Amino acid sequence: MEKIHEMIEKVLKEEALIDCVLSNIRKKDPEIYQKVTIRPLILKEDKVYQFTYSYQKKVMHENLKKEEMLEKVMVLFEQFKQGQFFTKDADYQILISKKFKVKILKKPPTKKATNLEHNRKKKYILSEGEPNPFLIRLGVMNEKGKVLSKKFDKFRQINRFLEMVEDIMPYLKKKDKGVNIIDFGCGKSYLTFALYHYLVEVSKLNVNIIGLDLKKDVIEHCNELAKDLGYDDLKFMIGDIEHFTGADKVDMVVTLHACDTATDAALTKAIGWDADVILSVPCCQHELFKQIHNDVMKPILKHGILKERMSAIVTDSIRANILEIMGYQAQILEFIDMEHTPKNLLIRAVKTNKVTQEAIEEYKKLKTFLSIDPYFERALGDGLKRKL
Ligand SMILES: C[S@@+](CC[C@H](N)C(=O)[O-])C[C@H]1O[C@@H](n2cnc3c(N)ncnc32)[C@H](O)[C@@H]1O
């Protein structure tokens, strides 16, 4: 055990610990923790080591100073047969036999040190306490920057959306005349204003954003708001996504909670423009509910609620798959939905022009297996047919 003490002491002295896991407990008792992870973090300006004890149905935390940390780990090693220490310079695997014989294996490091400041608290792109004119006008925060309690979910949703936007920034190619962006089904446009604020005021990008929606009163209100805020390159238009002809070339298409096949209409437009980036949060995926049929899956499909969920999953997988066939790299990520319902997925697609035969085969097989004829395929017409 002395060897372990020596190794950890050295790692702590060099401030090199990234994190570690103690596992393979000697006594398999559901009442006690089965695994312990330890990571350094900054708490109130001090560095501490946070121990996370994982029980069968709960986790407990304990924060210890450096001096106490070593002592505690040594006590824990009486209970565990294995330890994995990830440090800046090496990974150490500690193996302790039944008779407490110790073996330490040293391997090249596999983890990068994280900024401990990041572990301190979730850093939002928009911060509470910093009054922001667009958030004040939309009624999310007051003049002092305090987020109204009933709008806190909205505030989190806006921040989550901006994190997604931050991630796709490398794919947005700068254009002399500005990057053209459309938000289809913008509604009250919390996220459209946030997007403009982030791209123009924070990232200093030259952009033209259009928000499109069917609702005349909402669009008029949003145009007034954009004018008041001095958001000169943000315009709102009334119209139906499918028949929109107000732009020749669009670089990024956003469509958040546009119901049912309105999402497909938006994705079809995006593909038609060869948009570099698409961010889409679908909802109300009803179309395939009436179509899906498969005898093998009868035990699932005979229950309305499961069929509904299955239809939504199939709809979004097909969307991602068709995007792949059309030359996009598509991912499905978790988003925050206001009602915390299962409608919390985001399709993120970036243009790569790489198409694999695999994506085409997968799509054809799934279509046949479930006897479906998706609107998205029909909307894309010959453009997709040629590839199948
Ligand atoms: C649930 S709201 C979402 C608003 C906003 N995007 C958000 O996520 O907060 C859906 C919006 O899409 C609009 N919409 C639905 N179908 C549309 C279509 N075919 N063309 C244009 N807008 C549409 C609706 O009018 C509504 O305002």
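A few points about this structure:
- Scanning region 255-265 for residues that are modelled with pLDDT of 95 or more and near the ligand (Cβ under 8 Å from one of its atoms) turns up THR255, ALA262, ALA265.
- Number of positions in region 141-182 that are open to solvent by less than 90 Å² (accessible area, probe 1.4 Å) and over 22 Å from the mean Cα position of the chain (by Cα): 9
- Among (1) open to solvent by less than 20 Å² (accessible area, probe 1.4 Å); (2) within 26 Å of ARG309 (Cα to Cα); (3) assigned to a helix (DSSP H, G or I); (4) within 16 Å of the ligand (Cβ to nearest atom), the one test that VAL281 misses: (3)
- Number of residues in region 197-246 that are more than 14 Å from the ligand (Cβ to nearest atom), outside any strand (DSSP E or B) and either under 14 Å from VAL179 (Cβ atoms) or among the small types (Gly, Ala, Ser) (or both) equals 10.
- Residue count for region 290-306, restricted to those that are surrounded by fewer than 16 Cβ atoms within 10 Å (Cβ to Cβ) and touching a helix residue (DSSP H, G or I) at 6+ places or on another chain (Cβ under 6 Å): 3.
- Taking the numbered list (1) buried (at least 16 other Cβ atoms within 10 Å of the Cβ); (2) in the same structural domain as LEU229 (by TED's automatic domain parsing); (3) under 24 Å from the mean Cα position of the chain (by Cα) in turn, LEU126 passes all entries but (2).
- Hits in region 30-49 (condition: assigned to a strand (DSSP E or B), modelled with pLDDT under 90 and either among the acidic types (Asp, Glu) or open to solvent by 30 Å² or more (accessible area, probe 1.4 Å) (or both)): LEU43, ASP46, LYS47
- Enumeration of residues in region 307-341 that are more than 19 Å from LYS367 (Cα to Cα), touching a helix residue (DSSP H, G or I) at 6+ places or on another chain (Cβ under 7 Å) and more than 16 Å from the ligand (Cβ to nearest atom): ILE332
- Taken together, the residues in region 80-93 that are open to solvent by less than 30 Å² (accessible area, probe 1.4 Å) and in a loop (DSSP other than H, G, I, E, B) amount to 1.
- Residue count for region 205-219 under the criterion of being within 18 Å of LEU138 (Cβ to Cβ) and exposed (fewer than 14 other Cβ atoms within 10 Å of the Cβ): the result is 1.
- Residue in region 294-311 that is in contact with a Gly (Cβ under 8 Å, 6 or more places away or on another chain) and either assigned to a strand (DSSP E or B) or basic (Lys, Arg) (or both) present: no
- Filtering region 220-238 to residues that are open to solvent by 20 Å² or more (accessible area, probe 1.4 Å), without any contact (Cβ under 8 Å) to a residue 60 or more places away in the chain and not polar (S, T, N, Q) leaves GLU220, HIS221, GLU224, LYS227, GLY230, ASP232, ASP233, LYS235, MET237, ILE238.
- Of all residues in region 65-96, those satisfying the criterion of being within 18 Å of GLU15 (Cβ to Cβ), in contact with a helix residue (DSSP H, G or I) (Cβ under 8 Å, 6 or more places away or on another chain) and modelled with pLDDT of 90 or more are MET69, LEU70, VAL73, PHE85, THR87, TYR92.
Residues are listed down the side, and each one gets a yes or a no for (1) without any contact (Cβ under 8 Å) to a residue 60 or more places away in the chain; (2) away from the ligand (no atom under 16 Å from the Cβ); (3) part of a loop (DSSP other than H, G, I, E, B):
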residue	(1), (2), (3)
LEU95	yes, yes, no
THR110	yes, yes, yes
LEU135	yes, no, no
GLY139	yes, no, yes
GLU166	yes, yes, no
ASP176	yes, yes, yes
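- Of all residues in region 351-366, those being surrounded by fewer than 18 Cβ atoms within 10 Å (Cβ to Cβ) and in a helix (DSSP H, G or I) number 8.
- Condition met for ILE219 (within 28 Å of ASP276 (Cα to Cα), in contact with a helix residue (DSSP H, G or I) (Cβ under 9 Å, 6 or more places away or on another chain) and at pLDDT 95 or above): no
- Some residue of region 293-300 being under 18 Å from ILE347 (Cα atoms) and away from the ligand (no atom under 16 Å from the Cβ): no
- Positions within region 178-193 being away from the ligand (no atom under 11 Å from the Cβ) and in a loop (DSSP other than H, G, I, E, B), in sequence order: GLY178
- Restricting LYS269, LYS249 to those that are at negative phi, open to solvent by 40 Å² or more (accessible area, probe 1.4 Å), more than 16 Å from the ligand (Cβ to nearest atom) and not hydroxyl-bearing (Ser, Thr, Tyr) reduces the list to LYS249.
- The set of residues in region 50-59 that are of a type outside the set (Lys, Arg) and open to solvent by 90 Å² or more (accessible area, probe 1.4 Å) contains only GLN56.
The values are calculated or read from the model by the stated rules, or taken from the named source; none is laboratory data. Since we're looking at a predicted model, the values are computed, not measured. Here the Cβ is made from the backbone with ideal geometry for all residues, glycine too, and neighbour counts use every protein chain on show. Surface accessibility is based on the protein's heavy atoms, side chains included, excluding ligands, DNA and RNA. Shrake-Rupley method; radii C 1.70, N 1.55, O 1.52, S 1.80 Å.
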